[in-house]
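Working notes for the structure below.
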Amino acid sequence: MAHFTKATSLHDWLNQRLAVDTLRRVLATEYWIPKNINFLWAMGMVLAITFALLLVSGIFLLMYYQPNVDLAFDSVNYTIMQEVGYGWLWRHVHGVAASVVFLIIYIHMFTGIYYGSYKKGREMIWISGMLLFVAFSAEAFSGYMLPWGQMSYWAGMVITNLFAGGSLHADGLVEWIRGDYVPAQAFLNRFFMLHVLLIPLAIIGLIGLHFGALRIPHVNNQDGEEIDFEAEAAKYKAGDKRSSKVIAFVNDFMSKDMMVVGIYLIFFFYLVFFHYDFAMDPVNFDPANGLKTPTHIYPEWYFLWSYEILRPFSTNVGLIAFAFAQVIFFLLPFLDRSPNAVPASRRGLFKYWFWAMLIDMIILTAMGKVPPVEPFGTIGFYAALTFIGLWIALPFITMFEKKA
Amino acid sequence: MKNSSRRGFMGKAFGAVAGVGAVGALYAMKRSWDPLPSVKAAGFTTLDMSAYKDNELITEKWRGKPIFVLKQTKTMAEKAEANPKDIERLIKVGDSYFMVCIGLCTHLGCIPGYNSDEESFLCACHGGMYDFTGEVTKAPPPRGLDIPPFKVDGNKLVLGEEGPEYKKMKETGVTL
């Protein structure tokens, strides 16, 4: 048994039992971050803070929300919005955060793609991040069901129908997922469970994995430079902070990180207080009605690009294209055949690939929002083909890339 | 060596117990997600077919799904007779022909709207179109509107029961 001595302070008492000093050193004061980074490296902390906002606002919403098809709509739109003191605040924080979190996720992803932060030992960071993206998507979808408005109902109908697999006609599977022939009580209850328990648990676990995956390869930097972290850390600790290429996570990096978080939070609460409506579809303020489809069904903005890949094709081809779009980002570290882990601007054709992909996804997003009429249908069709084409081209253009 | 083989045995024994338990647990979980018997049992709707008017779309409800009932006019029935794909989709009750379909687009389940002047359906979600018998005329829907299980009973139509006319439609592939 370890030897314990009479504690000289509360800190010492805890330190003997929980090694709080070691923990602090390993996780914070001697966790090294490269100096050569910019504000885009703060997106991870911005995401962590946004997740915390979702969790806290969600806890308060959970106290009044009723997962019952007859009560859900009023429990949100009347009880929480009208009766509960500051209930509107929790709802608008929750709704705005659910939308903004995807904006930050996309910025975080494209930062990783631009700087090549998914290769040379950083593959698991990318893969765990993509798993988080999928988990957040499921969380967003299940949460969207809960107010039980028209968009909730019909999004639930359309998305669960995807599991019929087109011509496979797996209607039994769809009914199994719903627990009914159509979205009804069983459906609302199980998506409520997924939203408040199972998926958040998965997200928390995946965040742990994502952070863990970062420890050995360390954070990438603006030049993709391979840093000898031990040597640079030794310099830093010896007092040569000027020539060391690294800084401590706490307080050096955190102070900058939280500065960005501060600016972000001002923007965030500006949206919550003055522009929350962008995250609240007006159609969803009509109660769910299984006998009336809204004239135009579209998902929230963050799903539009993949929805637009589904839409211009016939059912089966559309489903295959959609499935392709859902999994292909996972394979990025393996489809990129170049050993260069430097910014896209120094990577020849990949530079054009990066910007083409970004612009194509913006076009897909815009086309997913408009009704399926010409010329939008045609633009969407070619944008979807471009998306698939770019991924097919990726291994070839990176294979012949010159060593940077 | 002796110890490790004992440990090996214990590991395998635990693996066997855990494996049986895991399969059992997964089965129980799967069954818990199944539709409830009460949900499955509530599922027969009887329609009085004498109440419908020519070329006026009425939406009934069966198992929570909208059911389109469209009584065909004389000219519509004649047009349908000229096209075998159309006529075999219609249900004859008494002297009249009816289109009776599940009112969900076979693409992704939105409810198409009916335009009685053009005698056609348009699904607003992804632009699919159907004619007055529910046959698809414009993609993306992969097939015509599905026809629910039905049984003709004099002047009435029972949804949820499979009569001979419905079974024939299934065999010939008119509906799924």
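Considering segment B:112-126, the residues that are crowded, with 24+ Cβ neighbours inside 10 Å and over 19 Å from A:ASN316 (Cβ atoms) include one that is farthest from the other protein chains (Cβ to nearest Cβ), namely B:PHE121. Being touching a residue at least 40 places away in the same chain (Cβ under 8 Å) and touching a strand residue (DSSP E or B) at 6+ places or on another chain (Cβ under 9 Å) is a property that A:VAL158 lacks.
Rundown of residues vs (1) closer than 30 Å to A:GLY149 by Cα; (2) touching a strand residue (DSSP E or B) at 6+ places or on another chain (Cβ under 9 Å); (3) not in a helix (DSSP H, G or I), yes/no style:
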residue: A:LYS6; (1), (2), (3): no, no, yes
residue: A:ALA28; (1), (2), (3): no, yes, no
residue: A:ILE37; (1), (2), (3): no, no, yes
residue: A:TRP41; (1), (2), (3): no, yes, no
residue: A:LEU61; (1), (2), (3): yes, no, no
residue: A:ASN68; (1), (2), (3): yes, no, yes
residue: A:PHE73; (1), (2), (3): yes, yes, no
residue: A:TYR78; (1), (2), (3): yes, no, no
residue: A:GLY95; (1), (2), (3): yes, no, no
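In segment A:342-368, what residues are assigned to a helix (DSSP H, G or I), over 20 Å from the mean Cα position of the chain (by Cα) and not aliphatic (A, V, I, L, M)? Across segment A:342-368, the qualifying residues are A:SER345, A:ARG346, A:PHE350, A:LYS351, A:TYR352, A:TRP353, A:TRP355. Taking the criterion of being over 24 Å from A:LYS292 (Cα atoms) and among the aromatic types (Phe, Trp, Tyr), the only residue of segment B:120-176 that qualifies is B:TYR166. The set of residues in segment B:127-161 that are exposed (fewer than 14 other Cβ atoms within 10 Å of the Cβ) and not in a strand (DSSP E or B) comprises B:GLY154, B:ASN155. Whether any residue in segment B:56-69 is among the polar types (S, T, N, Q), over 17 Å from the mean Cα position of the chain (by Cα) and assigned by TED's automatic domain parsing to the domain that holds B:CYS110 is what I want to check. No, segment B:56-69 has no match at all.
If only residues of segment B:146-158 that are in contact with an Asp or Glu (Cβ under 8 Å, 6 or more places away or on another chain) and within 16 Å of B:PHE68 (Cβ to Cβ) are counted, the one that is farthest from the other protein chains (Cβ to nearest Cβ) is B:PHE150. Filtering segment A:280-308 down to residues that are assigned to a helix (DSSP H, G or I) and within 13 Å of chain B (Cβ to nearest Cβ), which residue is nearest to A:THR160 (Cα to Cα)? Filtering segment A:280-308 for residues that are assigned to a helix (DSSP H, G or I) and within 13 Å of chain B (Cβ to nearest Cβ), the one nearest to A:THR160 (Cα to Cα) comes out as A:TYR307.
Considering A:ILE266, A:ILE247, the condition of being in a helix (DSSP H, G or I) and either under 19 Å from A:PHE39 (Cβ atoms) or over 24 Å from the mean Cα position of the chain (by Cα) (or both) is satisfied by A:ILE266 alone. When segment A:324-341 is filtered for residues that are modelled with pLDDT under 95, more than 18 Å from the chain's Cα centre (by Cα) and assigned to a helix (DSSP H, G or I), only A:PHE324 remains.
Residue-by-condition table, conditions (1) under 25 Å from B:ALA41 (Cα atoms); (2) within 17 Å of the chain's Cα centre (by Cα); (3) of a type in the set (D, E, K, R); (4) at pLDDT 85 or above:
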| residue | (1), (2), (3), (4) |
| --- | --- |
| B:ASP95 | no, no, yes, no |
| B:ILE102 | yes, yes, no, yes |
| B:GLY109 | yes, yes, no, no |
| B:PRO148 | yes, yes, no, yes |
| B:VAL174 | no, yes, no, no |
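Checking the stated criteria, A:VAL182 turns out to be within 14 Å of chain B (Cβ to nearest Cβ), closer than 23 Å to A:THR315 by Cβ and part of a loop (DSSP other than H, G, I, E, B).
Has segment B:21-29 got any residue that is without any contact (Cβ under 8 Å) to a residue 24 or more places away in the chain, facing another protein chain (nearest Cβ under 10 Å) and closer than 30 Å to A:LEU162 by Cβ? The answer is no; no qualifying residue exists.
For (1) without any contact (Cβ under 8 Å) to a residue 40 or more places away in the chain; (2) buried (at least 19 other Cβ atoms within 10 Å of the Cβ), each residue gets a yes or a no:
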{"residue": "A:GLN66", "(1), (2)": "yes, no"}
{"residue": "A:TYR118", "(1), (2)": "no, yes"}
{"residue": "A:GLU139", "(1), (2)": "no, yes"}
{"residue": "A:TRP148", "(1), (2)": "no, yes"}
{"residue": "A:LEU162", "(1), (2)": "no, no"}
{"residue": "A:ASP171", "(1), (2)": "yes, no"}
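Within segment B:83-96, residues that are under 15 Å from B:THR137 (Cβ atoms) have Cβ atoms under 9 Å from residues that are of a type in the set (S, T, N, Q) and in a loop (DSSP other than H, G, I, E, B) in these pairs: B:ASN83/B:THR133; B:LYS85/B:THR133; B:ASP86/B:THR133; B:ARG89/B:THR133; B:ARG89/B:THR175, counting only partners at least 6 apart in sequence or on another chain. Applying the criterion of being within 14 Å of chain A (Cβ to nearest Cβ) and at positive phi to the residues of segment B:55-87, the residue that is surrounded by the most Cβ atoms within 10 Å (Cβ to Cβ) is B:ARG63.
Looking for something within 14 Å of chain B (Cβ to nearest Cβ), under 22 Å from A:ILE297 (Cα atoms) and not in a helix (DSSP H, G or I) - is there at least one such residue anywhere in segment A:163-175? Yes, that holds for at least one residue.
Only residues that are farther than 29 Å from A:PRO183 by Cα, β-branched (Val, Ile, Thr) and touching a Leu at 6+ places or on another chain (Cβ under 7 Å) were counted in segment A:114-159, giving 1.
Quick grid of which residues meet (1) touching a residue at least 12 places away in the same chain (Cβ under 8 Å); (2) not acidic (Asp, Glu):
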| site | (1), (2) |
| --- | --- |
| B:TYR114 | yes, yes |
| B:SER120 | yes, yes |
| B:GLY127 | yes, yes |
| B:ALA139 | no, yes |
| B:VAL158 | yes, yes |
| B:GLU165 | yes, no |
| B:LYS170 | no, yes |
| B:THR175 | yes, yes |
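Residue-wise test of (1) basic (Lys, Arg); (2) more than 25 Å from A:MET124 (Cβ to Cβ); (3) surrounded by fewer than 16 Cβ atoms within 10 Å (Cβ to Cβ); (4) within 14 Å of chain B (Cβ to nearest Cβ).
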| site | (1), (2), (3), (4) |
| --- | --- |
| A:PHE313 | no, yes, no, yes |
| A:LEU331 | no, no, yes, no |
| A:ASP336 | no, no, no, no |
| A:TYR352 | no, yes, yes, no |
| A:PRO371 | no, yes, yes, yes |
| A:GLY389 | no, yes, yes, no |
| A:PRO395 | no, no, yes, no |
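Note on segment B:30-54: residues that are within 14 Å of chain A (Cβ to nearest Cβ) and without any contact (Cβ under 8 Å) to a residue 24 or more places away in the chain total 13.
The values are calculated or read from the model by the stated rules, or taken from the named source; none is laboratory data. In this text, all values refer to a predicted model and were calculated from it rather than measured experimentally. Positions of Cβ are backbone-derived with ideal geometry, glycine not excepted, and every protein chain shown enters the neighbour counts.
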